[in-house]
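*Asks:* Here it is, the structure, as structure tokens.
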Amino acid sequence: MSAGIGCKDCVSGALHSGTPVGRTETLHGLRTYITRPLAGVEPKGVIVIIPDAFGWELVNSRILADNYAQKGQFIVYLPDFMNGHYLSEQMLSVFNDFELEGAYGTKILAGVKAARHFGPFFLHNRIGVVQPRILSFFDSIRADPETSGLPVGAAGFCWGGKFTAILCNSSIDGKPNTRIDAGFAAHPSQLAIPGDIKDLIKPLSVAVGDNDLQLGAAGLDKLKKLLDAKTVQAGLKQQVVVYPGAKHGFAVRGDPADEKEKLQGMEAEEQAISWFSSTLIKVA
């Protein structure tokens with residue numbers, strides 16, 4: 001089974017402007033974008049971003065990582081969990097070409113482009129391939145002397161949201177799981193409810209729009225009820241924040257030229273930083 005692309009909004013959106021301030025290196029076997037708090041600031045914990053289908057090189061995700069690091073005072077890792085098989089930023093506009101009235105030649109070219117990119121993505125990013133890679137990276141963080149004493153959070157977007165939810169469970173594939181201390185998932189893709197969160201034991205915050213093509217109204221209702229029940233029954237701190245009118249992908253690929261999308265993206269960023277600032281501090 002492949003993870004992560006379930007609707008056109010999974011691969012649509014805007015490219016953001018800005019210059020990332022972190023560095024790239026190989027960390028725990030994966031190419032990783034690394035960004036830290038400002039000089040002289042002691043980190044509160046580690047946040048690992050599990051990105052959307054556009055992977056670790058998308059400038060939007062790197063700028064978001066910088067904001068988490070500087071505003072939240074965290075070490076932030078953005079690894080290449082897809083091992084190079086992520087979508088090109090050129091795909092952000094491919095569905096716009098499909099929707100052009102007439103323009104059959106443009107539509108054909110868009111179809112060829114989509115097939116050329118989506119095929120390898122689905123082939124190389126099957127759950128059975130990428131999940132062990134993700135789990136191994138988090139295991140290494142727990143074992144690394146630099147980070148072993150710090151609380152760890154996972155922030156997942158679209159494709160990565162499913163894995164963040166899974167990491168919040170007490171067990172994965174029947175084996176005990178203590179890899180993270182809290183999770184944040186923005187508009188998770190292919191999230192199985194209740195399957196992916198039935199053994200939830202860590203605090204999970206979800207940011208989702210009420211116009212999300214992935215979850216839909218029924219899925220959103222199920223998610224809210226399940227997390228509310230976990231909060232009441234087990235005393236776990238859980239959260240679902242619904243953004244009116246927001247589409248799937250808004251937290252990382254919203255259009256900065258659209259004031260509402262820009263504001264909701266900033267609010268989702270603040271949601272994540274506030275969530276980790278409260279949940280990771282408590283387990284430190």
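*Asks:* Evaluate the following for T164: is it surrounded by fewer than 16 Cβ atoms within 10 Å (Cβ to Cβ) and not in a strand (DSSP E or B)?
*Replies:* Considered against the rule, which asks whether it is surrounded by fewer than 16 Cβ atoms within 10 Å (Cβ to Cβ) and not in a strand (DSSP E or B), T164 comes out as no.
*Asks:* Let me ask another. Return only the number of the condition from (1) surrounded by 16 or more Cβ atoms within 10 Å (Cβ to Cβ); (2) in a strand (DSSP E or B) that I180 does not satisfy.
*Replies:* (2)
*Asks:* Within region 12-37, which residues are over 25 Å from F250 (Cβ atoms) and either modelled with pLDDT under 95 or of a type in the set (D, E, K, R) (or both)? Please lay out each step first, then the result.
*Replies:* Keep residues of region 12-37 that are over 25 Å from F250 (Cβ atoms), which gives 23-32, 34, 36-37.
Correct list: R23, E25, R31, R36.
*Asks:* Tell me which residues, restricted to region 53-67, are over 12 Å from E89 (Cβ atoms) and of a type in the set (F, W, Y).
*Replies:* If the condition is that a residue be over 12 Å from E89 (Cβ atoms) and of a type in the set (F, W, Y), then W56 is the only one that fits.
*Asks:* Out of all the residues in region 242-284, which are within 24 Å of A218 (Cβ to Cβ) and either in contact with a Lys or Arg (Cβ under 6 Å, 6 or more places away or on another chain) or part of a strand (DSSP E or B) (or both)?
*Replies:* Selection gives V242, Y243, P244, G245, A246, K247.
Here is a yes/no grid of residues against (1) under 17 Å from the mean Cα position of the chain (by Cα); (2) closer than 21 Å to S61 by Cβ:
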position: S140; (1), (2): no, yes
position: A143; (1), (2): no, no
position: T147; (1), (2): no, yes
position: A154; (1), (2): yes, yes
position: G174; (1), (2): no, no
position: D181; (1), (2): yes, no
position: A186; (1), (2): yes, yes
position: N211; (1), (2): no, no
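*Asks:* Looking only at region 46-80, which residues are crowded, with 24+ Cβ neighbours inside 10 Å and part of a loop (DSSP other than H, G, I, E, B)?
*Replies:* Passing the criteria: P51, D52, A53, F54, G55, L58, F74.
*Asks:* Something else: Return the residues of region 139-157 that are closer than 19 Å to L227 by Cβ and either touching a Gly at 6+ places or on another chain (Cβ under 6 Å) or surrounded by fewer than 24 Cβ atoms within 10 Å (Cβ to Cβ) (or both); say none if nothing qualifies.
*Replies:* Listed by number, the list holds a single entry, A154.
*Asks:* Looking at the structure I just gave you, is D9 touching a strand residue (DSSP E or B) at 6+ places or on another chain (Cβ under 9 Å), at pLDDT below 95 and not in a strand (DSSP E or B)?
*Replies:* Yes: the conditions hold for D9.
*Asks:* Here's a follow-up. What pairs can you find where one residue is in region 213-233 and under 10 Å from L200 (Cβ atoms), the other is basic (K, R) and at pLDDT 95 or above, and their Cβ atoms are less than 8 Å apart, with a gap of 6+ or different chains?
*Replies:* none
*Asks:* Count, please, the residues in region 253-281 that happen to be surrounded by 21 or more Cβ atoms within 10 Å (Cβ to Cβ) and of a type in the set (S, T, Y).
*Replies:* Counting residues in region 253-281 that are surrounded by 21 or more Cβ atoms within 10 Å (Cβ to Cβ) and of a type in the set (S, T, Y) gives 1.
*Asks:* Moving on to the next point. Which one is nearest to E261 (Cα to Cα) among residues in region 177-201 that are in contact (Cβ under 8 Å) with a residue 40 or more places away in the chain and charged (D, E, K, R)?
*Replies:* If we take residues in region 177-201 being in contact (Cβ under 8 Å) with a residue 40 or more places away in the chain and charged (D, E, K, R), then D181 is nearest to E261 (Cα to Cα).
*Asks:* So how many residues does region 254-265 have that are modelled with pLDDT of 95 or more and closer than 14 Å to G209 by Cα?
*Replies:* Of the residues in region 254-265, 6 are modelled with pLDDT of 95 or more and closer than 14 Å to G209 by Cα.
Yes or no, residue by residue, for (1) surrounded by 20 or more Cβ atoms within 10 Å (Cβ to Cβ); (2) closer than 20 Å to I180 by Cβ; (3) touching a helix residue (DSSP H, G or I) at 6+ places or on another chain (Cβ under 7 Å):
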site	(1), (2), (3)
A192	no, yes, no
I197	yes, yes, yes
P203	yes, yes, yes
A207	yes, yes, yes
A218	no, no, no
K224	no, no, no
G235	no, yes, no
A251	yes, yes, yes
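The values are calculated or read from the model by the stated rules, or taken from the named source; none is laboratory data. Given the structure is predicted, the values throughout are model-derived calculations rather than measurements. FYI the Cβ positions are ideal-geometry reconstructions off the backbone, even for glycines, and counts take in every protein chain you see.
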